[in-house]
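Below is one structure, written out as structure tokens; the observations come after it.
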Amino acid sequence: MPLIALLLGGWMIFRAVRDHGPEVTIEFEDGTGVEAGKTQLKHKGSTVGTVTSVDMKPDLSGVIVRVQLQKSAAALARRDSRFWIVRPEIGFSGVTGLDTLLTGVQLAVRPGEGDLAENFTGLEKAPPPVPSKQGRSFFIQSDRLGSLNPGSPVFYREVKVGEVEASRLADDATSVLIRFRVESAYADLVRTDSRFWNAGGFSFKVGLLGAELKNTSLESLVSGGIAFATPEPSDKNGPLAPAAKEETVFKLQTEPEKDWLNWRPKISIRPEESGPDQNPAPKDLSDVMKAK
């Protein structure tokens, strides 16, 4: 019996060592809800690691979380990988982390590139989404960000045709640059002379001729949004302008002029596949935002 127990124990230890990948260390400013032996690291819905310890940093400025990765997930520990804590968030732009209401918080990772690494600095929230290769991206220059956050919708004639991806201050800090992407089917609706305005928020005006309520959707009222219109060919506007190229910069207006709402140019809606003039999307928004 002792020999059998020894062999069984040795087999269990061998299997545990065989299945274990590297242990990584992640520093967070706030580790609320993260528990050793309970909190799991997940990627694409699968558990790829488990938290083994949670300790305070020596200077008490945050916590140090150690995660034991599974052997099959060893490639996640790359220099550019990003880790964050998933907590429930509910908004008009979507619902995320809802399952953590029952299971507790989870850790998530976006695989990176580069050499294998063991030490990481965690993010306080999920990083901006990696842009899709479908569609075309543009920039809006605005005096202030307002309620335009990643996921805020972009409308054409009150139909959602895209969404905001990221934002940052301009290099001289006098304005805000907002990057958004329009789906490939609607990309040609954006012309070089298109006009953009803030479609979010609530506006109520009272004048001599009566009151005017800003017409907006419930989604844009809460999460913000951008709307745009394109001039139709006419003696006043001239011929239909060419389609805007990737990363063209437009100016965001506070509200539309009445003429803009009456524009009805005939523009063919393209198939869902990317058009021939599409440029490959960058691997990460931060690189393009810095370059712009």
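The values are calculated or read from the model by the stated rules, or taken from the named source; none is laboratory data. None of these values were measured; they are calculated from a predicted model. All Cβ positions, even for glycine, are placed from backbone atoms using ideal geometry, and neighbour counts span all protein chains on display.
Restrict the check to the stretch 11-20 and report whether at least one residue is modelled with pLDDT under 90 and assigned to a strand (DSSP E or B).
Yes.
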Restricting to the stretch 21-54, what's the tally of residues that are surrounded by fewer than 18 Cβ atoms within 10 Å (Cβ to Cβ) and part of a loop (DSSP other than H, G, I, E, B)? 10
Among residues of the stretch 184-201 being farther than 14 Å from Trp263 by Cβ and free of Cβ contacts under 8 Å to residues at least 60 places away in the same chain, the residue farthest from the chain's Cα centre (by Cα) is Thr192
Residue set Asp193, Asp172; condition touching a Pro at 6+ places or on another chain (Cβ under 8 Å) and among the charged types (D, E, K, R); output residue Asp193
What single numbered condition from (1) modelled with pLDDT of 90 or more; (2) surrounded by 15 or more Cβ atoms within 10 Å (Cβ to Cβ) fails to hold for Pro131? (1)
Keeping to the stretch 47-63, report how many residues are touching a Ser or Thr at 6+ places or on another chain (Cβ under 9 Å) and within 16 Å of Ala108 (Cβ to Cβ). 3
Here's a check for you: in the stretch 164-181, which residue that is in a loop (DSSP other than H, G, I, E, B) and of a type in the set (S, T, N, Q) is surrounded by the fewest Cβ atoms within 10 Å (Cβ to Cβ)? Thr174
